[in-house]
Each structure stands twice: as structure tokens, then as C-alpha cells.
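Inspection log for the structure reproduced underneath, given as C-alpha cells.
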Amino acid sequence: MNNLKRKASRSPQGSKPPKQRQALDPEPISPSRTTCPTLSYPNTRSSPTSQPVPFQQPTGLLTFSYTPQRVLEFTDSALRYYVDPPPGADLRYGYDRWIKRTEERTRLDGLLRAVERVMSKADASLGPGSGGKWLKDISVVTWRGIMTKILTAPYEERDRCELNAMYVGDTLYIEEHLSDARLHEKGDLAPKQRQMTYYGYSFESWCTSSKPGVPERADGHPIGWGGDVDTNVQWCNVIKTKLGDNRLIIGGEVDCVRDKFNGRTDTFVELKTSMSIRNAGDEARFETKMLKFYMQSFLLGVPEIVVGFRTPTGRITTTQSFKTVQLPRLVRGKPGAWDPQICFSWGQQFLTTLKSTLSASPEPTEAPRGESSSSSSEPLARVWRIVLAPGEGAKVSLLDETGVKEVEAGEDRVGILPRWFYDQVVGKNVEAGAVASAPSEPPVVHSGAMTNE
Ligand code: A3P
Ligand code: MG
């Protein structure tokens with residue numbers, strides 16, 4: 001950990017793009033990047049030796065919905081209520097009518113709009129500058145799916161994950177990195193895989209209704225069908241929590257609520273499908289999978305997970321409700337066991353190391369300007385690539401100009417951040433020279449507490 005910090009701070013500084021720098025890692029991810037030594041994962045087979053890292057109960061900040069046209073609105077139009085699915089529900093139903101959202105880069109933009117809204121409300125209720133002070137106290141802004149991947153990385157055996165990160169003000173912004181090739185791959189699933197993916201969404205339709213406790217009855221459809229699947233539509237929650245000493249703002253989709261939504265997370269329900277368990281091998285695989293169910297739900301404060309067990313051809317055989325907080329105890333001592341403390345402790349170490357690595361290389365104090373940050377007269381946004389390599393650890397490297405351009409993908413961005421967010425929300429601090437080394441004086445406010453919406 002110290003190694004990573006020390007070597008990173010030795011890396012070349014300044015406003016010029018880091019061309020032809022010597023890679024410090026023996027296996028550079030690509031040429032001409034400044035690469036830090038790998039931060040190794042903890043051993044998942046031994047108990048954590050350090051003190052448990054506390055994870056604060058998440059509090060809801062606000063909710064928003066994506067409409068069928070994929071327009072973000074600050075309403076609960078996409079909120080759904082939990083209902084029991086009909087016995088033997090057919091997960092293939094409606095497959096041909098599935099409106100599948102086009103695969104695109106999963107940007108932070110929607111979440112940043114929510115952050116900006118929280119800040120404006122703070123300014124309005126607590127006085128100008130309160131929002132900026134609030135954001136300054138936040139270590140990380142990211143989607144729940146990304147935080148899940150980071151925290152469960154020590155247990156991941158198969159999937160490599162690439163992220164892009166920026167450190168602006170005192171906050172880390174982290175998005176998933178999807179290359180054009182990977183995007184294409186995601187949008188072009190093999191028919192069997194596409195069908196299996198649909199099962200999960202179809203289960204959501206069978207388990208949800210527009211009214212609490214009353215299964216949907218739509219003309220021309222079986223009773224209980226919640227409506228044809230449109231994956232553009234999502235109900236999202238933005239929460240605030242704290243992992244160790246890092247305050248996090250996390251956004252994520254919530255499948256449905258039980259009975260009512262009162263602004264808190266305690267009625268949230270996560271829906272999952274899984275193959276029916278036939279033998280000990282299946283059971284162990286299910287236990288392993290439960291780590292992701294657990295983390296995904298825990299991070300947003302979702303207290304209940306309803307699992308629909310299905311046949312290979314997509315018929316629900318049984319459903320079972322799990323209390324999120326009880327999952328760790330359920331798997332303890334079993335073949336597929338995992339320990340969330342290993343994940344939290346790793347997460348704390350990872351975030352703290354990342355912050356010190358990224359802040360050790362201060363950005364030029366001038367903010368990028370003009371139509372696009374890629375013009376040669378502008379300083380280059382400092383974007384870091386994080387690779388979570390299964391069985392190894394996290395590799396962090398600073399992107400060169402080509403890498404930053406690939407991330408910006410011709411859009412009006414400063415690295416991963418949309419320009420409007422950079423200019424209106426965080427850029428002010430940058431211009432004051434506060435990127436990494438000299439934090440700006442926080443505005444005086446009446447209270448340090450953030451109002452909860
Ligand atoms: P299951 O999780 O029941 O398989 P989520 O549960 O995260 O809300 O996601 C709903 C469904 O989206 C999943 O249902 C699955 O069908 C699909 N899905 C989510 N993440 C996926 C991924 N990384 N790859 C393929 N399908 C995914
Ligand atoms: Mg789900």
C-alpha cells in the first residue's frame with residue numbers, strides 16, 4: 001500500500017500529457033502509461049486480522065426515474081410494488097416484445113445530476129455554499145454496480161473489470177470503462193445468453209405491479225404480468241453512506257418496494273433469479289453467488305432479496321425471501337462461504353490508497369476550457385485507469401492523451417465528467433487551485449448536517 005503511494009508520487013508531474021513514460025509495472029496494460037504497482041487483494045481463505053471496518057446504514061438522498069424514452073426525471077414514475085409471482089410463472093413470456101435499452105457507456109451523468117440537485121437544495125435551505133461544503137466531504141461518487149465490483153473483487157475468479165477514475169476537489173469519481181469492442185460485445189449477445197438475461201427482467205415483471213399488493217391484470221396478458229419489459233425504464237435511488245472513514249454517494253436501481261415508499265430504504269426489495277438447486281454443487285454455487293446479491297443490496301440499504309428459483313427452460317419453481325443482513329451468517333462455514341468483512345476492509349484500503357495515489361500528482365490549477373478538452377492548448381484531464389484483475393489485485397495507471405480521448409469519446413467532457421458538471425459544480429474549486437494539494441476554504445454554513453429528502 002505504502003509502496004503504491006510512494007512510487008506514484010515519484011511519477012512525472014506537470015501539464016504535459018505523459019508521453020513515453022516508463023511503466024513501473026512489469027506488465028503494463030498498454031504502452032505510454034504511468035502504472036503503479038499492483039495493490040494485491042487480501043487472502044480470502046483466512047480471517048481478517050484487522051479491526052472490522054464499519055459500514056454506515058445508508059440514508060436516502062433522493063430518487064429519480066428513467067422514462068421509456070430514457071429521459072431522466074426527478075419523479076417516482078418508475079417505482080414498482082412487490083407482488084408474489086403466479087405459481088410456475090413462465091420467464092420466457094413476452095420475450096419477443098422486450099424493448100432492450102441500447103448498450104452505451106455507463107456514464108455518471110444521471111448520478112451527477114442528482115448530486116447537483118442535492119447541492120442546490122442544500123444551498124437553498126442552508127445558505128449558499130452549503131452544497132459545495134457537503135460535496136467536499138464526500139470521498140467517492142459512483143454507481144452501486146461499480147462499488148459492488150470493487151468490494152467483491154477479492155472473491156472474483158473470472159471477470160476482469162476496468163474502471164476510469166478522476167480525483168477532483170476532494171472527491172473520487174469512478175465510472176466503468178467500456179471500450180468500443182466491449183460495448184459491441186455487450187450489445188450483441190448470443191441468442192441463448194440474450195434469453196437468459198431476459199429471464200431476470202421477466203421475473204421483475206411477474207413480481208411487480210403499479211399498485212401495492214394487487215397483481216396487474218392487463219388485457220391480453222396473463223394475470224400477474226406486470227407489463228412488457230422495457231429496460232430503458234428504471235427507478236433509481238441515491239444514498240449516502242460511509243465505509244470506514246470514506247463517505248460515499250452511491251446511486252443504483254431499486255427493483256421494487258413492499259407496500260409503500262416513505263423516502264427510506266427499509267421497504268426496498270431486490271429481485272433475483274437463480275437455477276433451482278439440485279445437488280451440493282448447485283448449493284455451493286448459489287452460496288458463492290449470494291455475495292454479489294448481498295453486496296449489491298447492502299450498499300443501497302435494501303433489506304430484502306426475493307430469489308426466484310427456475311428450471312433451465314425458465315419456469316419459476318419456488319421463490320424464497322432472504323434478509324440481506326442474514327446472508328453472511330447463512331453461508332458461514334459452507335463450501336461457498338465468504339466474509340463481508342474481507343470486502344469492507346479491502347474497500348477501505350483500496351479507496352484510501354487510491355485517494356492518496358491520485359492526489360499525490362496535483363493537476364495544473366487552470367481548468368480545461370473551450371469546446372473540447374482535447375484541443376492541444378488545454379491541459380489534459382487526469383484520468384486514471386483501474387483494472388481489477390481476478391486473483392491478483394488492483395492496477396492503477398494514469399492515462400495518456402490517447403487514453404483520455406478514448407474515454408471522452410468525442411463528447412463534451414472533461415475526462416469522465418460532463419463539462420456542465422465540471423464547470424458548474426467542481427471546476428470552481430479547480431480554478432482556485434484546489435485540485436489536490438491546496439483545498440479551498442469551505443464556505444461557512446449554519447450546520448454541517450445535510451438535509452435528507
Ligand atoms: P438476475 O439477477 O435475476 O439474473 P438486477 O438484479 O441487478 O436488478 O438485474 C436484473 C437483471 O438484469 C438480471 O437478473 C439479469 O437478467 C440482467 N443483468 C444484470 N446485470 C447483468 C450482467 N452483468 N450481465 C447479464 N445480465 C445482467
Ligand atoms: Mg434484480
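The values are calculated or read from the model by the stated rules, or taken from the named source; none is laboratory data. Computed from a predicted structure; not experimentally measured. A quick note on method: Cβ atoms are made from the backbone with ideal geometry, for glycine too, and the neighbour counts reach across all protein chains shown.
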> Out of all the residues in region 359-404, which are at pLDDT 65 or above and at positive phi?
Replying inline: GLY391, GLY393
> Does any residue in region 252-267 that is at negative phi and free of Cβ contacts under 8 Å to residues at least 60 places away in the same chain come within less than 6 Å, Cβ to Cβ, of a residue that is in a loop (DSSP other than H, G, I, E, B) and surrounded by 13 or more Cβ atoms within 10 Å (Cβ to Cβ) six or more places away or on a different chain, and which pairs are these?
Replying inline: ASP266/PRO303; THR267/ARG258
> Which members of region 244-270 meet the condition of being more than 23 Å from THR106 (Cα to Cα) and within 15 Å of ligand 1 (Cβ to nearest atom)?
Replying inline: VAL257, PHE268, VAL269
>> Condition first: away from ligand 2 (no atom under 16 Å from the Cβ) and crowded, with 19+ Cβ neighbours inside 10 Å. Can you find one or more residues in region 262-277 that meet it?
In response: no
> Which of (1) within 11 Å of ligand 1 (Cβ to nearest atom); (2) more than 30 Å from ILE138 (Cα to Cα) does ASP180 not meet, given it meets every other one?
Replying inline: (1)
> Checking ARG413 against (1) under 27 Å from LEU151 (Cα atoms); (2) at pLDDT 95 or above, which test does it fail?
Replying inline: (1)
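Yes/no matrix, rows are residues, columns are (1) touching a helix residue (DSSP H, G or I) at 6+ places or on another chain (Cβ under 9 Å); (2) touching a residue at least 24 places away in the same chain (Cβ under 8 Å); (3) of a type in the set (A, V, I, L, M):
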| residue | (1), (2), (3) |
| --- | --- |
| LYS211 | no, yes, no |
| ARG217 | no, no, no |
| GLY220 | no, no, no |
| ASN232 | no, yes, no |
| ASN237 | yes, yes, no |
| GLY244 | yes, yes, no |
| LEU248 | yes, yes, yes |
>> Whether any residue in region 227-235 is away from ligand 1 (no atom under 14 Å from the Cβ), under 17 Å from SER65 (Cβ atoms) and outside any strand (DSSP E or B) is what I want to check.
In response: yes
>> Based on this model, can you work out whether THR311 counts as under 25 Å from ILE146 (Cα atoms), more than 12 Å from ligand 1 (Cβ to nearest atom) and among the polar types (S, T, N, Q)?
In response: no
> Within region 147-163, is even one residue within 16 Å of ligand 2 (Cβ to nearest atom) and over 17 Å from the mean Cα position of the chain (by Cα)?
Replying inline: no
> Across region 331-363, what is the number of residues that are among the aromatic types (Phe, Trp, Tyr) and not in a helix (DSSP H, G or I)?
Replying inline: 1
>> Suppose we keep only residues that are over 16 Å from the mean Cα position of the chain (by Cα) and of a type in the set (S, T, N, Q) within region 50-72. Which one would you say is surrounded by the fewest Cβ atoms within 10 Å (Cβ to Cβ)?
In response: GLN69
> Among the listed residues VAL407, VAL444, which satisfies the condition of being assigned to a loop (DSSP other than H, G, I, E, B) and either modelled with pLDDT under 65 or surrounded by 15 or more Cβ atoms within 10 Å (Cβ to Cβ) (or both)?
Replying inline: VAL444
> Among the residues of region 271-281, which ones are away from ligand 1 (no atom under 11 Å from the Cβ) and either assigned to a loop (DSSP other than H, G, I, E, B) or closer than 16 Å to TYR199 by Cβ (or both)?
Replying inline: SER276, ILE277, ARG278, ASN279
> Among the numbered criteria (1) modelled with pLDDT under 95; (2) more than 10 Å from ligand 1 (Cβ to nearest atom), which single criterion is violated by LEU189?
Replying inline: (2)
>> For region 202-214, give me each residue that is closer than 18 Å to SER77 by Cα and either more than 9 Å from ligand 1 (Cβ to nearest atom) or out of contact with any Cys (no Cβ under 9 Å at 6 or more places or on another chain) (or both).
In response: SER205, CYS207, THR208, SER209, SER210, LYS211, PRO212, GLY213, VAL214
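Residues checked against (1) of a type in the set (D, E, K, R); (2) within 19 Å of SER65 (Cα to Cα); (3) modelled with pLDDT of 95 or more; (4) part of a loop (DSSP other than H, G, I, E, B):
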site: ILE239; (1), (2), (3), (4): no, yes, yes, no
site: GLY251; (1), (2), (3), (4): no, yes, yes, no
site: VAL269; (1), (2), (3), (4): no, yes, yes, no
site: LEU291; (1), (2), (3), (4): no, no, yes, no
site: SER297; (1), (2), (3), (4): no, yes, yes, no
site: VAL302; (1), (2), (3), (4): no, yes, yes, yes
site: VAL306; (1), (2), (3), (4): no, no, yes, no
site: PHE309; (1), (2), (3), (4): no, no, yes, no
> Tally time: how many residues in region 290-318 are more than 26 Å from GLY60 (Cα to Cα) and within 13 Å of ligand 2 (Cβ to nearest atom)?
Replying inline: 1
> Residue check, TYR155 against (1) buried (at least 22 other Cβ atoms within 10 Å of the Cβ); (2) among the hydroxyl-bearing types (Ser, Thr, Tyr); (3) within 20 Å of THR353 (Cα to Cα), all met but one. Which one?
Replying inline: (1)
>> LEU189 - would you say it is more than 17 Å from the chain's Cα centre (by Cα), buried (at least 16 other Cβ atoms within 10 Å of the Cβ) and not in a strand (DSSP E or B)?
In response: no
